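Here the structure is laid out as structure tokens; the discussion comes afterwards.
The values are calculated or read from the model by the stated rules, or taken from the named source; none is laboratory data. Since the structure is predicted, the reported quantities are computational estimates derived from the model, not experimental observations. Here the Cβ positions follow ideal geometry from the backbone for every residue, glycine too, while neighbour counts run over all protein chains shown.
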Amino acid sequence: MMLHVPTLAIVAGCISIGFALCLPLSWRLAKAVPGLRCLTLGMAIAGLSLFLLPVYDLPLPRFMLLVASILMILSGVLSWYGLRVMLLPGRPPVLPLILLMIIHPLLILYFSVLSPLVAGRLVVNSLVLAGLALAIVVVLVRSRESSPAVQWVMAGVQTVHAVLLLGRMGLMLLEDTLQPYPVPYVLIDRILFLEVVLLLFITALCTVILVAERLQKELTYQARTDPLTGTLNRRGYQELAERELLKASRSGRPFAVLVADIDHFKRLNDTYGHAAGDMVLQYFCALLNRVLRQTDILARLGGEEFVIMLPETPPLEAMDVAERLRRTVQDTPMTFQEFMIPITVSIGVAHFPDASDSLDGLQAFADSALYRAKKSGRNSVSDQPLASEPHSTPLPRDDQPAVFL
């Protein structure tokens, strides 16, 4: 069966535009999936450019060649930029893309209108499109954000696309030296357009998978993170703390649980307002992160109460860390408008396995030690519980009101 190039071009264009139309929510999802807008727009422009190619035996004006070529390159630029934003950290370079979108149209204008030369136009388009495809491959290979299998499939089809484009360019450049010509032009176009159909279909499918994975990660992050402070919430802390407890139980290494409570937080709220109270919570977390290691776990339990887990930390070192946290908070007041707001913190410490060998027991012990620190005058650290406090109280539920001391 003969492959009909115009039919292949129409199929490829329909796939691109259909994919773009099937993601009408992409504009709403853009915050959760950065780069999705560029990817969707790139696919739509790719489909439009395929409908403008001179393969339909229609009397198209010469400037349509220029428009089709520019749209084709623009779709590649947008696709690269979208994937780069989605999969890699940092801001993508913009200046090279701007220069490309200036130089390429000038070259196509020259070979299409000023000095018409089909081979020159095809060589320029093939070289630029192959370069963009290889740039996409680099992004996919470097990324560790999503499923490796999906990214390697996308990288594979982009590599094949680049090889075919460079192969066509090479045959164009060697046309005068290869006699007889080894491959008919029609066969080259048929293979290339068939590959474009497969490329667009696989890219669309893989993009949907990447977006779904990114949304799942975002939902998981939101479920485990406190929106005000950016620290873990109770659920996120439970998950990580249970893993650390299991590791410590197997290895026999000590760790510590610290419960920290901002002193007189209700008074701060009443005096300076809730906006200042929110800023105090954020500022407090920033101060703690100055002292804590990357392996330490910081979470907000609710209100002004925070919990900190210090993996592989013996008792003396844990007390030293708690004291440094207390001193850092005390020595670094927060500026709010024209006010200098002093902040102090009371901290209760529980050591594993001395205080308890369970997470609930450690939490209860640290809570009791915190109450002791509060009763001793606040702005202090204690690892000794109140005699009247039980040590087996479970973690309070999220729906219980916070207690302000």
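Key figures
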quantity: Those residues of segment 92-136 which are of a type in the set (V, I, T) and over 22 Å from C38 (Cα atoms), in sequence order; calculated: I108, V113, V118, V123, V124
quantity: Matching residues in segment 369-381 - criterion: being surrounded by 24 or more Cβ atoms within 10 Å (Cβ to Cβ) and over 22 Å from P342 (Cβ atoms); calculated: A369
quantity: Residue in segment 334-343 that is under 21 Å from R243 (Cβ atoms) and either touching a Leu at 6+ places or on another chain (Cβ under 8 Å) or assigned to a helix (DSSP H, G or I) (or both) present; calculated: no
quantity: Candidate set from segment 26-70 (those that are of a type outside the set (A, V, I, L, M, F, W, C), in a loop (DSSP other than H, G, I, E, B) and farther than 22 Å from V113 by Cβ); member that is modelled with the lowest pLDDT; calculated: K31
quantity: Test result for I73, in a helix (DSSP H, G or I), assigned by the TED database to the domain that holds F51 and surrounded by fewer than 17 Cβ atoms within 10 Å (Cβ to Cβ); calculated: no
quantity: Number of positions in segment 86-125 that are touching a Pro at 6+ places or on another chain (Cβ under 9 Å) and outside any helix (DSSP H, G or I); calculated: 0
quantity: Matching residues in segment 100-152 - criterion: being basic (K, R) and surrounded by 14 or more Cβ atoms within 10 Å (Cβ to Cβ); calculated: R121
quantity: So D354, is it in contact (Cβ under 8 Å) with a residue 24 or more places away in the chain, part of a loop (DSSP other than H, G, I, E, B) and surrounded by fewer than 20 Cβ atoms within 10 Å (Cβ to Cβ); calculated: yes
quantity: Pairs where the first residue, in segment 92-117, is within 24 Å of Y81 (Cβ to Cβ) and the second is surrounded by fewer than 17 Cβ atoms within 10 Å (Cβ to Cβ) and among the aromatic types (F, W, Y), C-beta under 7 Å, 6+ apart; calculated: none
quantity: Test: S368 is in a strand (DSSP E or B), over 19 Å from A248 (Cα atoms) and polar (S, T, N, Q); calculated: no
